[in-house]
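Below you'll find the structure, written out as structure tokens, and then a few comments.
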Amino acid sequence: MGGSFGKCYDPSGSQFGIPTYPWRYAPKGLATRRQLRARGLRPGGQPIAAQVLRPRYRRGPLTAYLYRVDRAKKVRPMTPGKWAALAKANRARRTCPKCRSDAGYVIPTSLGMCVPCAYPDEQRAA
């Protein structure tokens, strides 16, 4: 194996401490968190089984941790309390701290307030 493929291939785990595979070459039965979630599963407290490395030009490689699918557990369902807490958190992110109105969108953290409050002169001209 040559080039960057060989640097990322370590199924025994001698170089990185855990089995390592190149991008898109992970064996069957292992999945990332997102892949588990797409199947309705979660890692469920199991340790990382392996990792996938994707080399990049002039930067360190991207790393994705893999978990065993057979040990994964089903995703816990959302309870009414969780739905209410999520709705409250999202409502707080849409509420402007200056004018106390619902902006209808998530307030940008760079502004810290809704756009009309951040740029009052530009809103009057429009």
>> Ordering Asp121, Asp10 by accessible area with a probe of 1.4 Å, largest first, what comes out?
In response: Asp121, Asp10
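Report the gain in length on full extension from Thr32 to Arg93: 0.36 nm times residue separation, minus Cα-Cα distance, nm rounded to one decimal.
Numbers: separation 61, 0.36 × 61 = 21.96 nm, distance 2.94 nm.
Taking 0.36 nm per residue and subtracting the Cα distance, the gain is 19.0 nm.
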> Which percent of Cα-Cα pairs in the chain sits in each 10 Å bin, short to long?
Replying inline: 11, 24, 18, 19, 19, 8, 1
> Roughly speaking, to the nearest percent, how much of the stretch 4-90's 1.4 Å accessible area is carbon and sulfur?
Replying inline: 54
> What length, rounded to one decimal in nm, is gained on full extension from Thr63 through to Ser14, with 0.36 nm per residue of separation minus their alpha-carbon distance?
Replying inline: 15.9 nm
> Local charge sum around Leu53 (other residues, Cβ-Cβ under 15 Å, Lys/Arg +1, Asp/Glu -1)?
Replying inline: +4
> For Lys98, which lysines qualify as cross-link partners when the Cα separation must be under 30 Å and same-chain residues fewer than eight apart are set aside?
Replying inline: Lys82, Lys88
> Quick one: helix 80-94 against the long Cα principal axis of the chain, what's the angle to the nearest 10°, folded into 0 to 90?
Replying inline: 60
> In square angstrom, what is the accessible area per residue of the chain with a 1.4 angstrom probe?
Replying inline: 75
>> Solvent-accessible area of Trp23, probe 1.4 Å, all protein chains present, reported in Å² to the nearest ten, please.
In response: 100
> What order do Arg34, Arg39, Arg56 take when sorted by accessible area (1.4 Å probe), most exposed first?
Replying inline: Arg34, Arg39, Arg56
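The values are calculated or read from the model by the stated rules, or taken from the named source; none is laboratory data. Please read all numbers here as calculations on a predicted model, not as lab measurements. Methodologically, a virtual Cβ is constructed for each residue, glycine included, from the backbone with ideal geometry; neighbour enumeration extends over all protein chains shown. Protein only, heavy atoms only, side chains kept; ligands, DNA and RNA dropped before computing areas. Shrake-Rupley method; radii C 1.70, N 1.55, O 1.52, S 1.80 Å.
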